[in-house]
Amino acid sequence: MLRYFTLGLALLMAGSAYAQSSGIPPEEMDNSRRLAGDAINVCFDVTSLGRAFDEDVAKAIGDALFLEVNVVEGFGGFPLSGDGFLDELTLAMNNTCDMFMGVSVSVNSPVSDAFALTRPYATIPFVFVVADPDWQKLGDIPKDRKLGTAMASLGEMNYITWAQQQPEAERWVRYPYANFDLMTTRVLDGTIAGMVLWQPAFARLQQERPDATALRVIANDPIPNAEVHVGALVSSRNSFLRNQVDQAIDALVADGTIAGFLEQYGYTGHAGE
């Protein structure tokens, strides 16, 4: 569902277990080095909400490095627990992918020795969305109204952390949703007052549902903002590529290329970290 967050969390939890994954038969692992010349294989999660944006960034990175980008459609549709995803990712990164786009990265996050994270190429927030025209911030909503959150997302965890620090009378009851369309319908029909979801998810809803034009983003106050730092994954065996990609991202942030992509897709985040 929210692969940026799910994969980022999985990376933190897995640690060095990646390189020792018991779910992959040894004969499936190709330990030879690929000689790609002037091309790189870039992989994507087909379920990612930022799939098209990530491909544009990947191609811009390739252009900056004078490399042809071979797009490799990845995999997706795994449960929120991530079952199966880590094995698939390990196999793909070892055998096929030079770079895997669209992961949640943090400079201080631990990661398996098998992989290395690039610097962030974009920071994209979770937003609070309502239909009522009178509300300007979350704090305007009466506490007896219900809220919706995108299940297993950073935005949901951010709300839970805040709510646990508040008296019961000062917090809203939260309903978790795995289905964004249903959550949107519940905002529109008044079942819930508003919803917390990743901004690219809201942008897609507005593209796909004519009735979603009635929705708008308001301030999160009094809840702190939650943002996803989006980057890429490369094999730790290719430190040269990782360094080159980081330099390319620096240049694309500086010259406004990534900011242009964010504007093109209607994302309210910013380029870089």
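Every condition in (1) closer than 30 Å to Ala114 by Cβ; (2) not in a loop (DSSP other than H, G, I, E, B) is met by Glu273 except one, and the failing one is (2). Scanning the stretch 154-175 for residues that are crowded, with 16+ Cβ neighbours inside 10 Å, part of a helix (DSSP H, G or I) and aromatic (Phe, Trp, Tyr) yields one hit, Tyr159. Name the single residue, out of those in the stretch 111-153 being closer than 22 Å to Ala178 by Cβ and open to solvent by 40 Å² or more (accessible area, probe 1.4 Å), that is farthest from the chain's Cα centre (by Cα). The residue in question is Arg145. The requirement of being of a type outside the set (D, E, K, R), assigned to a loop (DSSP other than H, G, I, E, B) and more than 27 Å from Trp162 (Cα to Cα) is fulfilled somewhere in the stretch 225-237, by at least one residue. You will find that of Asp246, Asp221, Asp250, the residue that is touching a helix residue (DSSP H, G or I) at 6+ places or on another chain (Cβ under 8 Å), charged (D, E, K, R) and touching a residue at least 60 places away in the same chain (Cβ under 8 Å) is Asp221 and no other.
Beta carbons closer than 9 Å, at least 6 apart along the sequence or on distinct chains, pair a first residue in the stretch 45-64 that is closer than 13 Å to Tyr121 by Cα with a second that is among the acidic types (Asp, Glu) and buried (at least 23 other Cβ atoms within 10 Å of the Cβ) for Asp54/Asp45. Consider the stretch 233-271 and keep the residues that are open to solvent by less than 30 Å² (accessible area, probe 1.4 Å) and modelled with pLDDT under 95. The one that is nearest to Asp38 (Cα to Cα) is Leu241. Look at (1) open to solvent by less than 30 Å² (accessible area, probe 1.4 Å); (2) free of Cβ contacts under 8 Å to residues at least 40 places away in the same chain and you find that Leu215 fails only one, number (2).
Do you know which of the residues in the stretch 185-199 that are assigned to a helix (DSSP H, G or I) and either acidic (Asp, Glu) or without any contact (Cβ under 8 Å) to a residue 40 or more places away in the chain (or both) is farthest from Arg209 (Cα to Cα)? Going through the qualifying residues, I end up with Arg186. Is it the case that the stretch 82-98 has a residue that's open to solvent by 70 Å² or more (accessible area, probe 1.4 Å), at pLDDT 55 or above, farther than 22 Å from Asn243 by Cα and of a type outside the set (D, E, K, R)? So far as the stretch 82-98 goes, no, none of its residues is open to solvent by 70 Å² or more (accessible area, probe 1.4 Å), at pLDDT 55 or above, farther than 22 Å from Asn243 by Cα and of a type outside the set (D, E, K, R).
Of the residues making up the stretch 133-155, those that are of a type outside the set (A, V, I, L, M, F, W, C) and touching a Lys or Arg at 6+ places or on another chain (Cβ under 9 Å) number 5.
Among the residues making up the stretch 143-153, those that are part of a strand (DSSP E or B) and among the small types (Gly, Ala, Ser) are Gly148, Ala150.
The values are calculated or read from the model by the stated rules, or taken from the named source; none is laboratory data. The structure displayed is predicted, hence computed values, not measured ones. Cβ atoms come from the backbone with ideal geometry, glycine included; neighbour counts cover every protein chain shown. Just the protein is used for accessible areas: all its heavy atoms, side chains included, with ligands, DNA and RNA removed. Shrake-Rupley method; radii C 1.70, N 1.55, O 1.52, S 1.80 Å.
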